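Peer 1: After the structure tokens below, expect a handful of questions from me.
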Amino acid sequence: MRKSALILTLGAALSLAAAEPHFGAQAALSFPFSTLSDNGYLGLQLGGHGRWYFGGGHGLMARADLAFYGSNKSTSVTGFDVAADYTYHLERRPEGAYLLAGLSQASYHTSFPNHSDNDSALGIDLGAGYDLDQHLGLQARYTTHSLGNDKTYGALNLGVTYTF
């Protein structure tokens, strides 16, 4: 069992090393859901990414994002997350439609009128996108983080990606 896990890990590492990374930036409108919508309005998300395409439709997108949400009743929220998303291009080439699923680690700072909270949690990302060409793409991604105490921050991010 350990031997097969080691072989799979080495195989994944060699595949990642063999694939050429492409870096870029992204921007999105962030629509808050769950408890996040109680504390913030429509937000703006900005970030950067690295993409690896392994062939056969399979890829990986590593990203980091900052999100700024509009104040709701004198409460404001900012967030930072890092994520790794598996991508599958339906046309089996790095252009066209793709699906994504991944994990993200997020930190949120919520400022209330009399105090502030800092929370962080591991979350799930699900989405779809369309790469118009090798540089420009569109993406819809839903992210949710359970912060404990019945507090869940979820957001639908509709944005654009640009890969250099």
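Peer 1: Would you check which residues across the stretch 12-31 are modelled with pLDDT under 95 and open to solvent by less than 30 Å² (accessible area, probe 1.4 Å) and list them?
Peer 2: Correct list: 19 only.
Peer 1: Which ones in the stretch 136-164 are loosely packed, with under 15 Cβ neighbours inside 10 Å and modelled with pLDDT under 95?
Peer 2: Those that are loosely packed, with under 15 Cβ neighbours inside 10 Å and modelled with pLDDT under 95: 148, 149, 150, 164.
Peer 1: If you go through the stretch 107-123 one residue at a time, do you hit one that is at pLDDT 95 or above, in contact with a strand residue (DSSP E or B) (Cβ under 8 Å, 6 or more places away or on another chain) and farther than 22 Å from residue 148 by Cβ?
Peer 2: No, because not a single residue in the stretch 107-123 is at pLDDT 95 or above, in contact with a strand residue (DSSP E or B) (Cβ under 8 Å, 6 or more places away or on another chain) and farther than 22 Å from residue 148 by Cβ.
Peer 1: Considering only the stretch 42-65, I want to know if a residue exists there that is touching a strand residue (DSSP E or B) at 6+ places or on another chain (Cβ under 7 Å) and over 22 Å from residue 163 (Cβ atoms).
Peer 2: Yes, that holds for at least one residue.
Peer 1: Please tell me if residue 75 is in contact (Cβ under 8 Å) with a residue 60 or more places away in the chain and among the β-branched types (Val, Ile, Thr).
Peer 2: Considered against the rule, which asks whether it is in contact (Cβ under 8 Å) with a residue 60 or more places away in the chain and among the β-branched types (Val, Ile, Thr), residue 75 comes out as no.
Peer 1: Which one is farthest from residue 97 (Cα to Cα) among residues in the stretch 54-68 that are in a strand (DSSP E or B) and open to solvent by 20 Å² or more (accessible area, probe 1.4 Å)?
Peer 2: Just the residues of the stretch 54-68 that are in a strand (DSSP E or B), to begin with: 54-55, 58-68.
Adding the requirement that they be open to solvent by 20 Å² or more (accessible area, probe 1.4 Å) leaves 54-55, 58, 60, 62, 64, 66, 68.
On the way: 54: 16, 55: 15, 58: 12, 60: 15, 62: 18, 64: 22, 66: 25, 68: 28 Å.
So, considering only residues that are in a strand (DSSP E or B) and open to solvent by 20 Å² or more (accessible area, probe 1.4 Å), the one farthest from residue 97 (Cα to Cα) is 68.
Peer 1: Another question, then. Could you grab me the full set of residues in the stretch 71-86 that are over 28 Å from residue 97 (Cβ atoms) and either of a type outside the set (Gly, Ala, Ser) or open to solvent by 70 Å² or more (accessible area, probe 1.4 Å) (or both)? Lay out the reasoning, then the answer.
Peer 2: To start, the set of residues in the stretch 71-86 that are over 28 Å from residue 97 (Cβ atoms) comprises 71-78, 80.
The answer is 71, 72, 73, 74, 75, 77, 78, 80.
Peer 1: Are any residues in the stretch 30-56 under 13 Å from the mean Cα position of the chain (by Cα) and under 17 Å from residue 137 (Cβ atoms), and if so, which ones? Write out each step before concluding.
Peer 2: From the stretch 30-56, those under 13 Å from the mean Cα position of the chain (by Cα) are 30, 45-51; that's our starting set.
Scanning the stretch 30-56 gives 45, 46, 47, 48, 49, 50, 51.
Peer 1: Additional query: Take residue 50 and tell me if it is over 15 Å from residue 159 (Cβ atoms) and modelled with pLDDT of 95 or more.
Peer 2: So residue 50 fits the description; yes.
Peer 1: What residue, among those in the stretch 94-135 that are in contact with an Asp or Glu (Cβ under 9 Å, 6 or more places away or on another chain) and outside any strand (DSSP E or B), is surrounded by the fewest Cβ atoms within 10 Å (Cβ to Cβ)?
Peer 2: So, considering only residues that are in contact with an Asp or Glu (Cβ under 9 Å, 6 or more places away or on another chain) and outside any strand (DSSP E or B), the one surrounded by the fewest Cβ atoms within 10 Å (Cβ to Cβ) is 133.
The values are calculated or read from the model by the stated rules, or taken from the named source; none is laboratory data. What you see is a predicted model, and the numbers here were worked out from it, not measured in a lab. When we count neighbours, we look across all protein chains shown, and the Cβ atoms used for this are built from the backbone with ideal geometry, even at glycine. All accessible areas refer to the heavy atoms of the entire protein, side chains included, with ligands and DNA or RNA removed. Shrake-Rupley method; radii C 1.70, N 1.55, O 1.52, S 1.80 Å.
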